[in-house]
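The values are calculated or read from the model by the stated rules, or taken from the named source; none is laboratory data. Everything numeric here is computed off the predicted structure, so don't read it as measured data. In this analysis, Cβ positions are derived from the backbone assuming ideal geometry, glycine residues included, and neighbour counts consider all displayed protein chains.
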Protein chains: 2
Amino acid sequence: MKIIQPTLLLNEETCHRNIQNMVDKAKKHNCILRPHFKTHQSAEIGQWFRQQGVTKCAVSSLGMAIYFTNAGWKDITVAFPLNVLESDKVNELAKKITLNICIESLETAEILSHFIQHSVNIFIKVDAGYHRTGINTDDFQQIEAILQKINDNPLLNFKGFLQHAGHTYQAKGKLEVDQIHQSTSAKMIALKERFISEYPNLIISNGDTPTCSLSEHFEHIEEMRPGNFVFYDVMQAEIGSCSYEEIAVAMACPVVAKHPERNEIIIYGGAVHLSKERVTNKDGITIYGLVAEPHTSGWGKPIEGLYVKKLSQEHGTIHAPDAFIEKVKIGDILYILPIHSCLTANLIGQYSTLKGKEIGMYRFGF
Amino acid sequence: MKIIQPTLLLNEETCHRNIQNMVDKAKKHNCILRPHFKTHQSAEIGQWFRQQGVTKCAVSSLGMAIYFTNAGWKDITVAFPLNVLESDKVNELAKKITLNICIESLETAEILSHFIQHSVNIFIKVDAGYHRTGINTDDFQQIEAILQKINDNPLLNFKGFLQHAGHTYQAKGKLEVDQIHQSTSAKMIALKERFISEYPNLIISNGDTPTCSLSEHFEHIEEMRPGNFVFYDVMQAEIGSCSYEEIAVAMACPVVAKHPERNEIIIYGGAVHLSKERVTNKDGITIYGLVAEPHTSGWGKPIEGLYVKKLSQEHGTIHAPDAFIEKVKIGDILYILPIHSCLTANLIGQYSTLKGKEIGMYRFGF
């Protein structure tokens with residue numbers, strides 16, 4: 001395959017291994033694996049999960065749920081607070097598949113109960129510490145009000161409590177991730193204990209790649225919902241969720257200019273290819289990507305001393321030591337490991353495998 | 001038009017006025033206006049420029065140049081360091097239109113000279129202070145080496161010097177923008193004086209929305225190349241390039257959750273809709289967008305005290321005062337003014353006018 005412009009490369013082998021590892025982990029802990037497909041957004045990559053026996057998935061929008069329904073998925077959770085304006089999509093999906101949706105307010109429950117025409121499963125979205133969305137796990141009053149609303153309508157089936165511990169993204173290493181997991185788990189266990197006698201079939205659904213990758217404590221959890229692990233990225237490697245060798249995507253970018261006087265290389269590859277997601281590295285520098293060693297097929301581990309220091313719309317500015325700049329030529333390809341693979345994949349809209357095969361994905365609004 | 005999901009609204013009237021204002025400004029200063037189409041990336045919006053007499057444009061990639069060539073544009077500058085790997089596209093375009101490309105190294109000039117099959121105009125990209133790309137304006141030795149290479153090949157025509165003063169994006173107000181412009185202008189004037197006797201037809205091409213919006217000194221400049229002004233955005237309003245009323249795009253986003261206890265509203269509208277571009281506001285807070293007043297048709301100025309404080313993939317977290325949260329309902333639409341309209345438009349890939357008409361745009365890789 002000849003690369004001539006920013007191209008999102010997918011190492012199929014690494015990706016399959018990441019899937020296999022998470023399937024094994026879920027099995028080991030007796031959890032349902034319901035991978036979040038918002039990372040890859042691809043029917044074909046979804047198929048790779050199916051080959052490993054996965055039959056349930058999560059998505060982040062009703063549009064994406066329709067895409068995966070059309071790709072044959074029959075049990076989908078929209079892991080996002082229900083957007084009541086998309087009632088037609090909810091009914092269309094609920095008619096066709098086992099649709100699980102997330103509710104976190106009585107207001108939403110009332111609107112849903114009003115428009116729903118087919119049976120749908122409801123997760124109550126709870127907040128066990130991340131403080132983005134969800135009802136506080138100890139706000140029994142609000143939870144009971146929603147349960148009442150659900151029980152009043154035979155088309156609404158209470159499925160359980162769903163939480164996302166997104167604050168693990170601020171952690172470093174297994175110990176810190178485990179500490180957060182321990183704190184959220186205590187809250188989820190208390191919640192479960194409070195409602196299990198009344199709802200013996202309720203499940204706890206937990207998702208986030210750091211916890212699912214690093215922790216070994218899932219006794220109280222029926223369902224795991226990680227997403228990013230399918231590709232991983234620099235952010236996950238910095239957290240410690242994966243090694244750099246486990247990152248399954250890289251953006252191949254042509255070198256278009258060199259500025260040795262300020263240790264900079266300019267690549268064709270900017271914010272519209274990589275996204276402006278950033279992390280602070282161990283030296284306190286804000287970086288927008290790392291540069292991986294080129295291999296005969298694909299790429300290897302990050303090259304010491306190189307990083308993406310700035311992104312404009314189409315330009316990427318790479319910091320590189322003298323010795324590297326001296327060797328690099330205009331037209332060479334650099335392999336950029338993305339900070340956040342979900343956003344990078346979403347921007348590019350397709351993958352190229354190392355064998356040059358193109359893999360498509362869901363496009364919002366099209 | 002019923003909005004049910006994140007929708008990029010375009011106020012046609014404001015957009016037409018922004019175009020008209022820049023056309024008038026270029027005329028007043030006797031400059032060619034070569035608007036940068038990387039902001040809107042739309043054949044239809046390009047047509048609005050044509051209606052105002054604009055016949056030249058700039059783009060940021062060869063793919064985008066092909067898109068606008070297909071839309072009838074016959075004089076296009078690719079305002080990005082030439083990507084030598086896309087030689088086929090260069091030849092395809094050079095055969096069909098007046099193609100202007102940017103060179104900033106002898107290495108690139110040599111490769112270009114080797115593969116070029118049709119006549120092409122060359123701008124030497126110079127650096128007058130931004131330090132992203134370009135040869136230092138006083139590096140006459142390198143400039144002369146490139147000119148020699150251009151002169152050696154009859155298919156290569158030296159057109160002039162091109163610079164982008166992207167450091168005006170760090171300025172606040174007309175005075176600071178003018179100071180930067182004065183400093184870059186001094187360098188461009190010295191460069192012109194050095195080469196004008198040998199190349200009497202050379203032109204100076206300058207682009208950046210703050211300078212073109214605010215400055216009144218373009219005596220030494222033959223061509224203006226601003227892009228963002230077509231829509232403007234929060235970043236430009238913060239610099240002072242425009243008023244908030246001149247921002248021509250807003251993302252309409254449904255409210256999906258409310259958390260009054262922490263003054264937060266959650267919208268369906270995240271990093272995949274708005275981009276993770278951010279600015280620091282006057283209170284030192286990092287913001288990812290502002291919330292505009294809803295009008296009967298469209299939106300008005302920003303609502304005091306509200307801002308986008310955080311973005312996940314699909315979630316936007318709005319900071320809002322108590323009084324606002326009390327009134328807002330699940331399913332209401334909030335109008336988000338984007339920080340950087342170029343990145344937001346690129347993510348969504350289409351516009352909806354206030355009359356509900358859909359306007360398409362170039363899609364990278366498709």
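For segment B:201-212, the criterion of being over 27 Å from B:Ile116 (Cα atoms) and surrounded by fewer than 23 Cβ atoms within 10 Å (Cβ to Cβ) is met by none of the residues.
When B:Ser352, B:Ser312, B:Ser297 are checked against the criterion of being more than 21 Å from the chain's Cα centre (by Cα), within 11 Å of chain A (Cβ to nearest Cβ) and touching a residue at least 24 places away in the same chain (Cβ under 8 Å), a single residue qualifies: B:Ser312. Restricting attention to segment A:70-85, the residues that are crowded, with 19+ Cβ neighbours inside 10 Å and in a helix (DSSP H, G or I) total 2. Look at segment A:356-366 and say how many of its residues are surrounded by fewer than 17 Cβ atoms within 10 Å (Cβ to Cβ) and either at pLDDT below 95 or under 30 Å from A:Asn263 (Cα atoms) (or both). The total comes to 4.
Against the condition in contact with a strand residue (DSSP E or B) (Cβ under 8 Å, 6 or more places away or on another chain), farther than 30 Å from B:Ile196 by Cβ, assigned to a strand (DSSP E or B) and at pLDDT 95 or above, how does B:Met251 come out, does it pass? Judged against the criteria, B:Met251 is a match. Against the condition at pLDDT 95 or above, among the acidic types (Asp, Glu) and not in a helix (DSSP H, G or I), how does A:Asp88 come out, does it pass? Judged against the criteria, A:Asp88 is not a match. Only a single item in (1) farther than 26 Å from B:Asn228 by Cβ; (2) under 24 Å from the mean Cα position of the chain (by Cα); (3) in a strand (DSSP E or B); (4) of a type outside the set (Ser, Thr, Tyr) is not met by A:Ile336, and it is number (1). Of all the listed residues (B:Asn91, B:Asn121), the sole one being within 23 Å of A:Pro254 (Cβ to Cβ), touching a His at 6+ places or on another chain (Cβ under 9 Å) and not aliphatic (A, V, I, L, M) is B:Asn91.
Quick check, is A:Leu343 surrounded by 20 or more Cβ atoms within 10 Å (Cβ to Cβ), of a type in the set (A, V, I, L, M, F, W, C) and in a strand (DSSP E or B)? Here the answer is no, as A:Leu343 does not meet what is asked. The residue that is farthest from the other protein chains (Cβ to nearest Cβ), among those in segment A:91-130 that are within 22 Å of A:Phe140 (Cα to Cα) and assigned to a helix (DSSP H, G or I), is A:Ser113. Check whether at least one residue in segment A:89-102 is touching a helix residue (DSSP H, G or I) at 6+ places or on another chain (Cβ under 6 Å), in contact (Cβ under 8 Å) with a residue 24 or more places away in the chain, assigned by TED's automatic domain parsing to the domain that holds A:Gln179 and of a type in the set (Ser, Thr, Tyr), and report yes or no. No, there is no match, as no residue in segment A:89-102 is touching a helix residue (DSSP H, G or I) at 6+ places or on another chain (Cβ under 6 Å), in contact (Cβ under 8 Å) with a residue 24 or more places away in the chain, assigned by TED's automatic domain parsing to the domain that holds A:Gln179 and of a type in the set (Ser, Thr, Tyr).
Of the residues A:Gly365, A:Gly284, A:Gly331, which is in contact with a Gly (Cβ under 9 Å, 6 or more places away or on another chain), more than 25 Å from A:His16 (Cα to Cα) and part of a loop (DSSP other than H, G, I, E, B)?
A:Gly365
Every listed requirement among (1) within 14 Å of another protein chain (Cβ to nearest Cβ); (2) closer than 25 Å to B:Trp48 by Cα; (3) hydrophobic (A, V, I, L, M, F, W, C) is met by B:Ala237 save one, (1).
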